[in-house]
Every structure is written in structure tokens, then in C-alpha cells.
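The values are calculated or read from the model by the stated rules, or taken from the named source; none is laboratory data. Note that the structure is predicted; figures quoted are calculated from it, not measured. Every residue, glycine among them, receives a Cβ derived from its backbone with ideal geometry; neighbour counts consider all protein chains shown.
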Amino acid sequence: MSSEHARWRSPLTGRYASPEMGALFSDDHKFRTWRRLWLALAEAEAALGLPITEDQLADLRAHLDDIDYPAVARYERELRHDVMAHVHALGDVAPKARPIVHLGATSCFVGDNTDLLILRDAVDLLVPKLAGVIRQLADFASTYRELPTLGFTHYQPAQLTTVGKRACLWIQELLIDLASLRRLRAQIRFRGVKGTTGTQASFLTLFDGDHDKVEALDREVAAAFGFEQTYAVTGQTYPRKVDHEHVMVLGSFGASAHKIATDLRLLANLKELEEPFGAKQIGSSAMAYKRNPMRSERICALSRHLMTLPANTAHTAAVQWFERTLDDSANRRLTLSEAFLTADAVLEALLDVTAGLVVYDKVIARRVASELPFMATENLIMAMVKAGADRQEVHEAIRVHSLAAAAQVKQRGLDNDLVDRVRADPAFAPIHDRLDTLLDPRTFIGRAPEQVLAFLRADVEPALEGIEPVAPRGLRV
């Protein structure tokens, strides 16, 4: 049996998330980053006067990527310490560098700084994809800004809106998520070189009490990885609140995505709007006619998982005793990777769905026509009053006709014939020639088209400025 299929693999990397996000959370990326952190630390220490030779640095540079995973596994079984296992494995292939690897550092120097780099780069992967979804929905909203559709409150027929205006409700939530992601990206800092409990005592010893050099070391290592700032104070770790903030934003995005996909699933049932459906796609193994909204269902399924994860990071942040406790480690290996991989998978599916939404305008028009006569009764009453009729008499006549039309729809399964009843009633003769105008759906959508254009101009375009949106590339499975 193939080893690839003989053990459990995460569907997030095997099926749903992008290869780029999967690579970011891979062992290779993590441990190669560890080695680059050790190199940056040694280079900065040498530049600041510690007795580290160019031969030692060259030996370290030559072995940044040749990780002997079996050797690491043997060391970890013996030492029960993942960082020291890698230190020993690196020392075996880079013996000249062995004395200066991890000099003055604690395990969190490589572990936490790597995690912060991954958080930063993972956000950088998500932002253009989210911008891509917003751009596609914005184009959709603009195209359908004037198309009347039946609005729903409590999933019961309400006043009309437009297809484009409804899409703007989805966009508005995604804009909140985009702003939150960009805020996190702007605020994230490096842990830097802080030592075992964050006091930098080991580095102060190495530099014979020279505080300026310790501060310079912190700055230079951070700068080597593109950070302008480090956290001014830490325990052994960077604040686990940082993890929680990231996962909380991703969980909030999951709620936005779930709402959008749920609306699409409901609209698909109404046959008003559908996600793209492949020419050879099978909706059901038994019912050949089915066009199940599987992409939207996938978005809901993954989003539900994503929405549960912030509770996990909140608990982890809450139980970090004093300067740190290790019960965060195994948990974070699961939670951080799953949060970003799941968010990425949801965005991949949203990109695919929003690129090819199909609108059935005739079905929409038919549903509008079936409900609009009831909504228009107030307009009919007002028109009759303006023509000189008694309001109470008109109200009673409309009430009787409305109940009869409702009985036609609910009890006999027929079309709504309220307009025909009004047209046949001589009492309404003063407005018979105006009925088509009074019942034009476009007169019931208020400022929806204007709102769409104003929203796109004032909110969407500025939010997308400076971001190159990612285009859909099709789902992997």
C-alpha cells in the first residue's frame, strides 16, 4: 500500500487550501526559517563584536536548507526537545558553526519569531484573495444594481430591493474583514532577541553589560526579516493575545463567508441565482437532475470550523502563567495552521463562486410579480384617494380582493390575480389606465441603484486601493 494513502492527511492541505498556504505552514519552511534566524543572530552578534568567525558563518550559510529529518527525529526521541534536536542536527553538518548556533537564545527565539513571520506572510496571502472576492462582488453589484428582486425579512417576502444592492450587503461585511486583516498586518511586530524570560539577561552577559549593543542586536535581527519594530516587553514568548487577535479576525471572516454562502444556497433553492456549475459536474449520484450548490456548501462547512477556533486561542492566551507555560505548544501547532489554511480554503472557494454567479432574471421577475400586488395595495389606495375616492371604501375593496387573491395562491396553488381583480372592478376605473405604472417594480426599489453606486465609489474603491486582487484559478477538487 502506498505510504501516501496509508495514513491520515489533513484535507486542508490535501484538498482545500492553496499550495502556497500549505507551503507556508510546512516543516521545510518552518525549519529553514529557524536556520536563517540562527544565521541572522550570529551575523548580528559578530557585527557587534562577539568572537564569531567568518568561517563559522560561512559553514552556517552553507547548510540552511539541507535538513536531515531522520537525524532530527533520532535526536528528538533522545532529547525530548524539538529545538535542541535541530541544533544538534545542524551542528553535525556544520561543525564549525556548532559553537555559535543559538548563542544566547532561548527556544522561543526560533519558534516564536518563525511563527510571527508565518503570521505576517499568511496575512499577505489572504489579503489579495479577499480583495479579489470583493472586486468580483463589486462588479456583480454594479451590473445588477437596477434589477428588482424580492427582499426578505425573517425569510418572508418583504419590500423589493435589487440584486446588486443585496450583493453590497455581502461586500460590506467583507470590507470589515479586510480592514481587520490590514490592521493586524500593520501592527504585527517581531519578538526579536529577548532571552528566556524576556529580560535579555543572557545577551547582556554576552556583551559585558553593554545595553546599547543588546538593543542594537534586537533591532538588527528584526530588520533582517523586514520588521521595523519588536515587542518592547515579552515573557518567554510574544503575547499569545497576538495569536488570538489573528484567529479572531479569521473567525469573524468565517461568519461573513458563511452568511454569503447561505444566502447563495437559499437563492439557488429559489432558482433565482446559482453558483457556477461545470459542464460535466454531477450534482447527485442518484438524482441526475440535481444542481447542488456544492461550493457554497463547502464554504459553509469550512467556515463553521473556522468560527470555532477563536475560543481555542482565547483559552490559550488566558492560561499563560506568568512568563509562559508549555501547554500552548501542541495546541498552537494545530490551531494557527488550521485557522489560516481554513480561511485560505474558504477564500479559494469564494473566489471561484463569485467569479461565475448566474442570475435568472425571469425567475426573479416572476417571483416579484407574484408578491408585488400585495405590496402595491397602499399605492393603489393613495392613487384612488387622489382621484377623489373615499379611503375607507377603497381600503375595504382592496382588503376583499387581497384575501381572495391570497386564497387563490395558498389554497388552489394558482397565480396571484389581485391585479386582474382590481382591473375588473369598475370601482377602480379611475386608475385602470395607470395600473402598469403603479405596479412597475422599478418604482418600488427606492434608492437601491444609487446606493450601490455611492457605496462602490465611497467605500469599496478606497478599500481596494493599493491591493492587487487575486483572480480565481478554479478549485483543486
Study note, to complete from the structure: Checked region 85-107 for anything over 20 Å from residue 65 (Cβ atoms) and either in contact with a Lys or Arg (Cβ under 6 Å, 6 or more places away or on another chain) or not hydroxyl-bearing (Ser, Thr, Tyr) (or both); matches are 99, 103, 104, 105
Point to revise | Index of the failed condition, residue 95 passing every other in (1) assigned by TED's automatic domain parsing to the domain that holds residue 272; (2) surrounded by fewer than 19 Cβ atoms within 10 Å (Cβ to Cβ) | key: (1)
Review point. If you take the residues of region 115-148 that are among the β-branched types (Val, Ile, Thr) and touching a Leu at 6+ places or on another chain (Cβ under 7 Å), which of them is nearest to residue 25 (Cα to Cα)?
Key: 118
Check your understanding: farther than 21 Å from residue 355 by Cα and at pLDDT below 95: does that describe residue 475?
Key -> no
Check your understanding: If a residue has to be under 22 Å from residue 54 (Cα atoms) and surrounded by 20 or more Cβ atoms within 10 Å (Cβ to Cβ) to count, how many in region 98-109 make the cut?
Key -> 5
Check your understanding: Based on what the data block shows, is residue 50 part of a helix (DSSP H, G or I) and under 17 Å from residue 217 (Cβ atoms)?
Key -> no
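Only residues that are under 24 Å from the mean Cα position of the chain (by Cα) and of a type in the set (D, E, K, R): list them for region 1-26, please.
9, 15, 20 - these are the residues of region 1-26 that are under 24 Å from the mean Cα position of the chain (by Cα) and of a type in the set (D, E, K, R).
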Point to revise | Test: residue 309 is more than 25 Å from residue 142 (Cβ to Cβ), in a helix (DSSP H, G or I) and at pLDDT 95 or above | key: yes
**Study point:** Those residues of region 69-83 which are farther than 17 Å from residue 42 by Cβ and either under 36 Å from the mean Cα position of the chain (by Cα) or crowded, with 17+ Cβ neighbours inside 10 Å (or both), in sequence order
**Key:** 69, 72, 73, 75, 76, 81, 82
Point to revise | Number of positions in region 1-34 that are without any contact (Cβ under 8 Å) to a residue 60 or more places away in the chain and crowded, with 19+ Cβ neighbours inside 10 Å | key: 1
Exercise for review: Please report, ordered by residue number, the helices (runs of 4 or more DSSP H) entirely within region 386-447 with at least 1 residues that are out of contact with any strand residue (DSSP E or B) (no Cβ under 8 Å at 6 or more places or on another chain) and modelled with pLDDT of 90 or more.
Suggested key: 391-412, 418-424
**Study point:** Residue check for residue 14: more than 24 Å from residue 325 (Cα to Cα), part of a helix (DSSP H, G or I) and not β-branched (Val, Ile, Thr)
**Key:** yes
Revision key, fill the gap. Flagged in region 37-58 as in contact (Cβ under 8 Å) with a residue 60 or more places away in the chain and either surrounded by fewer than 21 Cβ atoms within 10 Å (Cβ to Cβ) or not small (Gly, Ala, Ser) (or both), in numbering order, are 37, 38, 40, 41, 43, 45, 47, 48, 49, 50
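The rows are residues; the columns are (1) closer than 26 Å to residue 71 by Cα; (2) modelled with pLDDT under 95; (3) not assigned by TED's automatic domain parsing to the domain that holds residue 294; (4) not basic (Lys, Arg).
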position: 2; (1), (2), (3), (4): yes, yes, yes, yes
position: 5; (1), (2), (3), (4): yes, yes, yes, yes
position: 10; (1), (2), (3), (4): yes, yes, yes, yes
position: 15; (1), (2), (3), (4): no, yes, yes, no
position: 32; (1), (2), (3), (4): yes, no, yes, no
position: 41; (1), (2), (3), (4): yes, no, yes, yes
position: 47; (1), (2), (3), (4): no, no, yes, yes
Check your understanding: Would you call residue 64 within 30 Å of residue 166 (Cβ to Cβ), touching a residue at least 12 places away in the same chain (Cβ under 8 Å) and under 38 Å from the mean Cα position of the chain (by Cα)?
Key -> no
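Take the residues of region 246-279 that are of a type in the set (Val, Ile, Thr) and touching a Ser or Thr at 6+ places or on another chain (Cβ under 7 Å): which is nearest to residue 335 (Cα to Cα)?
Within region 246-279, the subset of a type in the set (Val, Ile, Thr) is 247, 249, 260, 262.
Filter once more, keeping what is touching a Ser or Thr at 6+ places or on another chain (Cβ under 7 Å): 247, 249.
Numbers: 247: 8, 249: 14 Å.
Across region 246-279, the extreme among qualifying residues is 247.
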